[in-house]
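Remarks on the structure that follows.
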Amino acid sequence: MSHLQLDGKRILLTGGCGALGQYIVKTLSDHGAHVLVNDIVTDDKAQQGFEAHNVNLDNVDYYRADITQENAVDELITSFSDDDVPDTVCCHAGMSLATPIEEYPVTQFDALFNLNLRAAFLVARAVTKRWLARNQKGHLIFTSSWVQDVPWPHITPYNASKAALKTLMRGFARELAPKGIRANAIAPGIVNVGMAKKQYETEPDYRKRANKAVPLGYLQPPESVANTFLFLCSDMANYMTGSVLLVDGGASLYPLDEDDL
């Protein structure tokens, strides 16, 4: 376990107060990292979430900011003193909406791409500028999804945003490797938290489709995603850049049949 200790690391995680984000915060902070959590919830609600997940509050700071706004992102990144600049930045914030493609509202499409792709770009760009100005090495980690390669019904804009995020990550990795800045992505499967859990529990058709889609036979435990973040944030992943860690229970092994749509 010594190779997975994160003592001395400062990690910024956007979307850290979400259903999955809380598990990531706890895992990283439990292994010694100082986690700088960003979200849009109030300070009190963030505190309540951390306490509910038994997060070590000594290793966590909360920064409320709307990262879909360029000025807010710039203010967030410049607010860190030279001694507090994060060495790893996890662009995790995201959203989804399950609606048949022919009925998908354009306003929701725009909002989804604004958060899932544009905000990730804004954060990654801003911290990259800070690293380059200080001649500092850094690591960008993007949260993608298995649906970046295998379209899942009724979330086509989400699928597209994650496919674009994968390419965005690889672009950061390719351009910045000579500067000592790395970029990688994590692609989870159908995680047993948040909207996927709600749909699985309340929509029989979704549950049937999900059961058939995952060869391992059960929804993904959120801890497995958090542990993947732990690995990528650790020194064990120091030679990785431009990679996607696919941790999906085998969901992407084969395309869905017509009967599953």
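Rolling a 1.4 Å probe over the protein heavy atoms gives the chain an accessible area of 48 Å² per residue. Computed from Cα positions, the angle between helix 120-133 and the longest principal axis of the chain comes to roughly 20 degrees.
Computed in the context of the full set of protein chains, the accessible area of the range 65-115 at 1.4 Å probe radius has 49% of its extent on carbon or sulfur.
Taking 0.36 nm per residue of separation and subtracting the current Cα-Cα distance, fully stretching the chain between D235 and D7 would add 81.0 nm.
Against the chain, whose longest principal axis is taken from its Cα atoms, helix 21-30 shows a tilt of about 40°. When the pairs K45/K166; K162/K212; K166/K208; K9/K197; K26/K179; K9/K162 are compared against a 25 Å limit on Cα-Cα distance, K45/K166; K166/K208; K9/K197; K26/K179; K9/K162 fall above it.
Averaging the Cα positions of each part gives two centres, and for the range 1-51 and the range 225-240 these lie 15 Å apart. In the frame of its principal axes, the range 1-89 has Cα extents of 40, 30, 19 Å, reported largest first. Between 0 and 90 degrees, the angle of helix 222-233 with respect to the longest Cα principal axis of the chain falls at about 40 degrees. Here the chain is treated with +1 on each Lys and Arg Cβ and -1 on each Asp and Glu Cβ, and its dipole about the Cα centre works out to around 700 debye. From most to least packed by mean Cβ count within 10 Å, the peptides 91-99, 125-133 give 91-99, 125-133.
Of P204, P151, P188, the residue with the greatest mean-square motion in the GNM of the chain, using alpha carbon springs below 10 Å, is P204.
Would you calculate, for the chain, the mean residue ellipticity at 222 nm contributed by helices, counting each DSSP H stretch of 4 or more residues as -39,500 (n - 2.57) and dividing by all residues, to the nearest 500? Write out the running numbers ahead of the final one.
Numbers: 9 runs with 103 residues, N = 261.
It comes out at -12000 deg cm²/dmol, rounded to the nearest 500.
The values are calculated or read from the model by the stated rules, or taken from the named source; none is laboratory data. Owing to the predicted nature of the structure, the values given are computational and were not obtained by experimental measurement. Neighbour counts run over all protein chains shown; Cβ positions are idealised from the backbone, glycine included. To get the accessible areas, we keep the full protein, side chains included, count just its heavy atoms, and leave off ligands, DNA and RNA. Shrake-Rupley method; radii C 1.70, N 1.55, O 1.52, S 1.80 Å.
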